[in-house]
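Here's the structure we're looking at; comments come further down.
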Amino acid sequence: MAFLTTLKCHFQRKLKSLRGVPLQYTAHSRVIKQWANRDSLDKCRHNLNSELIVNLTSYPPRFATLHLTLKSLLLQNVIVDKVVLWLYKNDYQQLPSDVLALEQHGLTIELVEQDIKSYKKLIPALLQYPEAYHVTADDDIYYRNDWLAELLAGYRGGKHEIVCLRAHYITLDNQGYVQPYRFWQAKTEQRGPDNRLFFTSGAGALFPPGSLHQDVTDVAKFCRLSPHGDDIWLYWMAALNNCAIHRTGSNKKLIVWKSSKSVSLWQLNKRPDSGNDFQINNMIQEYGMPEMN
C-alpha cells in the first residue's frame with residue numbers, strides 16, 4: 001500500500017512538473033508585460049486583523065534576477081501592507097538599479113547588521129513586526145499572480161496555525177524515528193493538518209503572530225543547531241508551539257529563474273557533516289522529537 005501511495009505521488013509530481021514547463025520559458029516575459037500594465041490589474045485587500053507582510057532576503061549572486069521576483073510579488077492580486085527585502089548591510093551597495101527603483105512602487109528595503117543567511121527572510125521581520133502576519137518567499141522564484149491569494153485561502157483563522165503551499169511529508173521507520181531526509185515524501189499531496197508536514201517556506205508559508213515558539217529569534221541557537229536549514233529550525237519552532245500545519249493550494253510547479261539554479265544550498269544540505277540530517281539530529285538532541293501521528 002505504501003509503495004502504491006509513493007508511486008501515485010511520484011506520478012502526480014511528474015505531471016505537475018510537465019504542466020509547468022511552458023511557464024518556465026514564459027515567466028520572464030510575463031513579468032515584464034504585466035509590470036508595464038500594472039495599473040490596470042484587478043486587486044483586492046486582505047481581511048486579516050493585522051498587517052500582512054511578505055518577506056524575502058537575497059545576496060549578490062542572486063541580484064541579477066532579483067527584480068523579476070520582486071515584481072512578481074508586487075503584482076500579486078492581493079494587496080499587502082509591505083513587501084520587505086531584508087539585506088545584510090554590506091550587500092546593499094551591490095544592489096542593481098532595477099531593484100532600487102522598486103522602492104518607488106511599494107518595495108521596502110531593510111538592512112540588518114548580522115548576515116544570518118537565509119534566516120534573514122523571517123527572523124528580523126518577527127523582531128521588528130511581532131504583531132504582523134508574515135509570509136515568506138525566496139529570491140529566485142517566479143510567483144504567479146494568485147500565489148498569495150491561494151495561500152491566504154487556506155488560512156482558517158487560528159493563532160496556532162501555519163499554512164504552506166508546498167511541503168514534504170516526514171516518514172518514520174518501524175520504531176517511530178524520523179527517517180533520513182532523502183526518504184521523505186517530497187512535495188507531498190497530503191494536506192493535513194498534520195504535524196508530519198514539513199513546510200518549505202520559500203514556496204510560500206503564512207505565519208500568524210505568535211505561531212512560533214519564543215526561541216525562534218535566538219540567533220546563537222539556530223546558528224549552532226541548524227545554520228543552513230532555516231526550514232528545519234522553523235518547523236521545530238512550530239512543533240514546540242503546538243502549531244497545526246496544513247498545506248493548501250494545488251501544489252503547482254515552482255518556477256525558478258534559470259540563471260539562479262547553480263547558486264543553491266542543495267549540495268551543502270546533502271553533506272553528512274552539515275546537511276539536513278545532521279541539523280535535524282541537532283534539533284532532536286536539543287529539543288527532542290516532536291509528537292508525530
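The values are calculated or read from the model by the stated rules, or taken from the named source; none is laboratory data. Values in this document were obtained by computation on a predicted structure and should not be read as measured data. A quick note on method: Cβ atoms are made from the backbone with ideal geometry, for glycine too, and the neighbour counts reach across all protein chains shown. Note: areas computed on protein heavy atoms with side chains; ligands, DNA, RNA excluded. Shrake-Rupley method; radii C 1.70, N 1.55, O 1.52, S 1.80 Å.
Taking the stretch 119-138 as the range and being over 13 Å from residue 52 (Cβ atoms), buried (at least 23 other Cβ atoms within 10 Å of the Cβ), touching a strand residue (DSSP E or B) at 6+ places or on another chain (Cβ under 7 Å) and not aliphatic (A, V, I, L, M) as the test, the residues that pass are 120, 121. Checking the stretch 131-138 against the condition returns no match, with no residue being modelled with pLDDT of 95 or more and more than 23 Å from residue 230 (Cα to Cα). Annotation for the stretch 167-180: at least one member residue is in contact with a Gly (Cβ under 9 Å, 6 or more places away or on another chain) and under 17 Å from residue 122 (Cβ atoms). Within the stretch 104-118, if we keep just the residues that are assigned to a strand (DSSP E or B) and either among the aromatic types (Phe, Trp, Tyr) or under 25 Å from residue 40 (Cβ atoms) (or both), the residue that is least open to solvent (accessible area, probe 1.4 Å) turns out to be 107. Candidates in the stretch 51-103 are the residues that are assigned to a loop (DSSP other than H, G, I, E, B) and hydroxyl-bearing (Ser, Thr, Tyr); of these, the one that is surrounded by the most Cβ atoms within 10 Å (Cβ to Cβ) is 58. For the stretch 175-207, a residue qualifies if it is farther than 20 Å from residue 284 by Cα and crowded, with 22+ Cβ neighbours inside 10 Å, and the qualifying residues are 188, 201, 203, 204, 205, 206, 207. Scanning the stretch 235-293 for residues that are modelled with pLDDT of 95 or more, in a helix (DSSP H, G or I) and of a type in the set (A, V, I, L, M, F, W, C) yields a count of 9.
Applying the condition of being more than 16 Å from residue 285 (Cβ to Cβ) and over 17 Å from the mean Cα position of the chain (by Cα) to the stretch 224-242 and asking which residue is surrounded by the fewest Cβ atoms within 10 Å (Cβ to Cβ) yields 242.
Could you check, for the stretch 193-202, whether at least one of its residues is β-branched (Val, Ile, Thr), touching an Asp or Glu at 6+ places or on another chain (Cβ under 9 Å) and part of a loop (DSSP other than H, G, I, E, B)? Within the stretch 193-202 (the criterion being β-branched (Val, Ile, Thr), touching an Asp or Glu at 6+ places or on another chain (Cβ under 9 Å) and part of a loop (DSSP other than H, G, I, E, B)), the answer is yes, since at least one residue qualifies. Among the conditions (1) buried (at least 21 other Cβ atoms within 10 Å of the Cβ); (2) within 17 Å of residue 231 (Cβ to Cβ), the only one that residue 148 does not satisfy is (2).
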